[in-house]
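The values are calculated or read from the model by the stated rules, or taken from the named source; none is laboratory data. Everything numeric in this text was worked out from a predicted model, so none of it was measured. Cβ placement follows ideal geometry from the backbone for every residue including glycine, while neighbour counts extend to all protein chains displayed. Note: accessible area is taken over every heavy atom of the protein model, side chains too, but ligands, DNA and RNA are not part of it. Shrake-Rupley method; radii C 1.70, N 1.55, O 1.52, S 1.80 Å.
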Amino acid sequence: MLLEAPFTEEKMRALKVGDLVEITGVVYTGRDAVHKYLHDGGKPPVVLRDAIIYHCGPVVVKEGGRWVVKAAGPTTSIREEPFQGPLMEQYGLRGVIGKGGMGPKTLAACQKVGACYLHAVGGAAQVLAECVTDVLGVHMMEEFGSPEAIWEFRVARFPAVVTMDSHGKSLHASVASASAEVLSRLLKP
Amino acid sequence: MDAKMLQARLLELIRRTSCELPPDVIREIEKGWRREKSDTNAKYAFGVIRDNIGLAAVKSQPLCQDTGTIICDVARPDWVSERAFRAAFEKAVDEATRVGYLRQNSVDSVTGRNSGNNLGPGSPVIHFHETTARSLTARLMLKGGGCENVGAQYSLPDTSLGAGRDLEGVRICVLDAVHKAQGKGCGPGVLGVCIGGDRATGYVASKETLLRSLDDANEDPVLAKLERRLLDEANTLGIGPMGFGGATTLLGVKITARNRVPASFFVSVSYMCWAYRRDGFQLSAAGKIAKWLYD
Ligand code: SF4
């Protein structure tokens with residue numbers, strides 16, 4: 001299903017674990033440096049209310065005076081677990097795109113503010129780069145360097161699976177427990 | 001062959017490895033894609049993976065932006081010294097980083113500074129073996145960080161798992177590692193397993209065994225049987241691509257063994273993501289690529 005900007009609480013609350021979405025609108029990249037900076041009280045250079053953050057350190061180059069995205073796959077999200085929940089609550093983030101899923105703190109924040117975790121296909125750097133139709137700007141490039149900067153990407157039909165929703169459900173938790181059951185059968189002497 | 005030509009051939013090896021998956025890996029990904037039921041997230045993930053493989057090859061751009069740890073395995077004939085090979089390879093790595101086949105991916109562990117060209121202490125990794133053959137054989141693997149992080153080493157007996165010092169104990173460890181990894185290593189993955197060795201050689205051998213072709217059979221019938229069993233059992237876990245759930249949790253299992261001291265029994269597991277970037281060639285003394293090893 002299409003998930004189009006503006007990313008309202010209502011739209012995010014309507015999503016459920018397992019839903020396949022195609023995101024159209026603006027997303028902001030942010031990884032370790034940005035999360036730490038914001039969590040330490042740094043002032044966000046963009047409006048984070050109703051925003052979607054993309055855990056991604058893209059490869060972006062300037063060609064003929066404009067930015068061109070060469071690779072833009074997701075990076076492992078769990079590293080931001082200490083920061084993500086509080087930032088979601090503080091700024092009213094509506095979503096996080098990443099890979100590998102996140103923990104209970106983020107899940108609780110999703111429930112509280114009405115947000116989702118959107119799992120992109122890890123490793124699919126080229127397909128996902130093609131979904132970036134426009135680079136609208138870049139922030140904190142000086143401080144953090146290109147992969148850690150906040151890139152403002154306009155994306156079209158960016159594919160992701162809702163793996164954590166605002167109803168307290170996590171696909172990661174359910175796959176882990178279902179596979180644990182199979183495992184215990186396989187290991188029975 | 002002069003140094004310039006060797007460097008150019010090695011650059012081509014890096015480009016091909018970073019941008020194109022070898023046919024044996026693509027075949028297993030196709031099998032996995034066919035195995036998944038339609039209208040599932042697993043099928044969808046495979047669809048994106050297939051599209052990505054095609055796009056990266058056409059655009060000659062890295063499959064994944066994490067171009068990983070650079071590991072090269074070389075069978076070296078006497079017409080090239082280790083020193084000369086290393087110099088040519090480092091120049092090729094530097095150039096590959098400048099033209100974008102590799103990301104700036106090597107960070108000083110003390111200062112946190114990125115070297116900017118993938119060179120530095122321990123990078124790239126090169127393993128040399130001597131060969132009496134006339135041609136040089138080089139195999140290259142780009143091992144991503146996400147999948148490296150879910151690798152694991154067990155010391156048997158492991159009472160919490162109930163794993164003893166036998167092949168049944170090995171089976172328990174390997175399945176435990178797959179379960180713990182879930183989708184975090186960008187599955188479906190391929191496991192390289194080493195039974196025995198010390199902690200260091202065990203991990204090295206677990207990576208070396210990932211240089212085998214995915215569709216070969218282990219020469220040791222006992223290990224061949226264990227490989228097949230572990231692959232089948234892992235695929236009943238239901239973890240699926242990206243951990244979305246599904247029938248394809250692993251694409252392959254490769255096992256090797258090393259002697260151990262009586263007091264130790266290690267099982268080392270390396271996890272390789274679906275972006276299984278490894279390739280290799282045979283290079284004649286005149287600088288001709290005689291053969292791509294996985295074609
Ligand atoms: S685990 Fe592999 S596919 Fe995933 S991000 Fe790392 S290198 Fe890329």
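Are there any pairs with C-beta distances below 8 angstrom linking a residue in region A:82-106 that is without any contact (Cβ under 8 Å) to a residue 40 or more places away in the chain and under 21 Å from A:Asp40 (Cβ atoms) to a residue that is open to solvent by 40 Å² or more (accessible area, probe 1.4 Å) and among the small types (Gly, Ala, Ser), with the two at least 6 apart or on different chains, and if so which?
A:Gly85/A:Ala108
Only one of B:Leu119, B:Leu102, B:Leu140 is within 16 Å of the ligand (Cβ to nearest atom) and away from every other protein chain (no Cβ under 13 Å); which?
B:Leu140
Of the conditions (1) of a type in the set (Asp, Glu); (2) surrounded by fewer than 20 Cβ atoms within 10 Å (Cβ to Cβ); (3) closer than 29 Å to B:Asn259 by Cα, B:Glu95 satisfies every one except a single condition; which number is it?
Of everything listed in (1) of a type in the set (Asp, Glu); (2) surrounded by fewer than 20 Cβ atoms within 10 Å (Cβ to Cβ); (3) closer than 29 Å to B:Asn259 by Cα, B:Glu95 misses just condition (3).
Only residues that are among the aliphatic types (A, V, I, L, M), in contact (Cβ under 8 Å) with a residue 12 or more places away in the chain and either away from the ligand (no atom under 16 Å from the Cβ) or in a loop (DSSP other than H, G, I, E, B) (or both): list them for region A:119-142, please.
A:Ala120, A:Val121, A:Ala124, A:Val132, A:Val135, A:Leu136, A:Val138, A:Met140
Among the residues of region B:231-282, count how many are hydrophobic (A, V, I, L, M, F, W, C) and within 10 Å of another protein chain (Cβ to nearest Cβ).
Of the residues in that region, 8 qualify.
Please indicate, with yes or no, whether at least one residue in region B:166-184 is within 16 Å of the ligand (Cβ to nearest atom), facing chain A (nearest Cβ under 10 Å) and among the charged types (D, E, K, R).
Scanning region B:166-184 turns up at least one residue that is within 16 Å of the ligand (Cβ to nearest atom), facing chain A (nearest Cβ under 10 Å) and among the charged types (D, E, K, R).
Table: residues versus (1) away from the ligand (no atom under 16 Å from the Cβ); (2) out of contact with any helix residue (DSSP H, G or I) (no Cβ under 6 Å at 6 or more places or on another chain); (3) over 30 Å from A:Ile97 (Cα atoms).
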position	(1), (2), (3)
B:Gly196	yes, yes, yes
B:Gly202	yes, yes, yes
B:Leu223	yes, yes, yes
B:Leu230	yes, no, yes
B:Met242	no, no, no
B:Arg260	yes, yes, yes
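For region B:35-65, enumerate the residues that are more than 7 Å from chain A (Cβ to nearest Cβ) and open to solvent by less than 40 Å² (accessible area, probe 1.4 Å). Give the derivation first.
Residues of region B:35-65 more than 7 Å from chain A (Cβ to nearest Cβ): B:35-40, B:42-43, B:46-47, B:50, B:53-54, B:57-58, B:60.
Hits for region B:35-65 are B:Glu36, B:Ala42, B:Phe46, B:Gly47, B:Ile53, B:Gly54, B:Ser60.
Search region B:263-279 for residues that are more than 24 Å from B:Ile126 (Cβ to Cβ) and more than 8 Å from the ligand (Cβ to nearest atom) and pair each with any residue that is open to solvent by 10 Å² or more (accessible area, probe 1.4 Å) and part of a loop (DSSP other than H, G, I, E, B) when their beta-carbon atoms are under 6 Å apart and the residues are at least 6 apart or on different chains.
Hits for this filter: B:Phe265/B:Arg165.
Which one of these does B:Val150 not meet: (1) within 16 Å of the ligand (Cβ to nearest atom); (2) assigned to a loop (DSSP other than H, G, I, E, B); (3) more than 29 Å from B:Gly238 (Cβ to Cβ)?
In the conditions (1) within 16 Å of the ligand (Cβ to nearest atom); (2) assigned to a loop (DSSP other than H, G, I, E, B); (3) more than 29 Å from B:Gly238 (Cβ to Cβ), B:Val150 misses (3) alone.
Please pick out the residue among A:Leu136, A:Leu171, A:Leu187 that is out of contact with any Ser or Thr (no Cβ under 9 Å at 6 or more places or on another chain) and within 9 Å of chain B (Cβ to nearest Cβ).
Going through A:Leu136, A:Leu171, A:Leu187 in turn, the sole match is A:Leu187.
Can you pull out the residues in region B:252-295 that are open to solvent by 10 Å² or more (accessible area, probe 1.4 Å), aliphatic (A, V, I, L, M) and within 18 Å of B:Arg15 (Cα to Cα)?
Answer for region B:252-295, where residues must be open to solvent by 10 Å² or more (accessible area, probe 1.4 Å), aliphatic (A, V, I, L, M) and within 18 Å of B:Arg15 (Cα to Cα): B:Ile289, B:Ala290, B:Leu293.
Residues in region B:93-123 that are touching a helix residue (DSSP H, G or I) at 6+ places or on another chain (Cβ under 8 Å) and hydrophobic (A, V, I, L, M, F, W, C): how many?
Final tally of qualifying residues: 4.
Restricting the search to region A:58-96, which residues are more than 12 Å from chain B (Cβ to nearest Cβ), hydroxyl-bearing (Ser, Thr, Tyr) and within 13 Å of the chain's Cα centre (by Cα)?
Of region A:58-96, the ones more than 12 Å from chain B (Cβ to nearest Cβ) are A:62, A:64-67, A:80-96.
Adding the requirement that they be hydroxyl-bearing (Ser, Thr, Tyr) leaves A:91.
Of everything in region A:58-96, nothing turns out to be more than 12 Å from chain B (Cβ to nearest Cβ), hydroxyl-bearing (Ser, Thr, Tyr) and within 13 Å of the chain's Cα centre (by Cα).
Condition test on B:Ile126, is it more than 14 Å from chain A (Cβ to nearest Cβ) and either under 23 Å from the mean Cα position of the chain (by Cα) or away from the ligand (no atom under 16 Å from the Cβ) (or both)?
yes
Please verify whether A:Ala180 is more than 16 Å from the ligand (Cβ to nearest atom) and either within 8 Å of chain B (Cβ to nearest Cβ) or free of Cβ contacts under 8 Å to residues at least 40 places away in the same chain (or both), treating the condition exactly as stated. Give the steps one after another, and end with the answer.
Values: more than 16 Å from the ligand (Cβ to nearest atom): yes; either within 8 Å of chain B (Cβ to nearest Cβ) or free of Cβ contacts under 8 Å to residues at least 40 places away in the same chain (or both): yes.
Considered against the rule, which asks whether it is more than 16 Å from the ligand (Cβ to nearest atom) and either within 8 Å of chain B (Cβ to nearest Cβ) or free of Cβ contacts under 8 Å to residues at least 40 places away in the same chain (or both), A:Ala180 comes out as yes.
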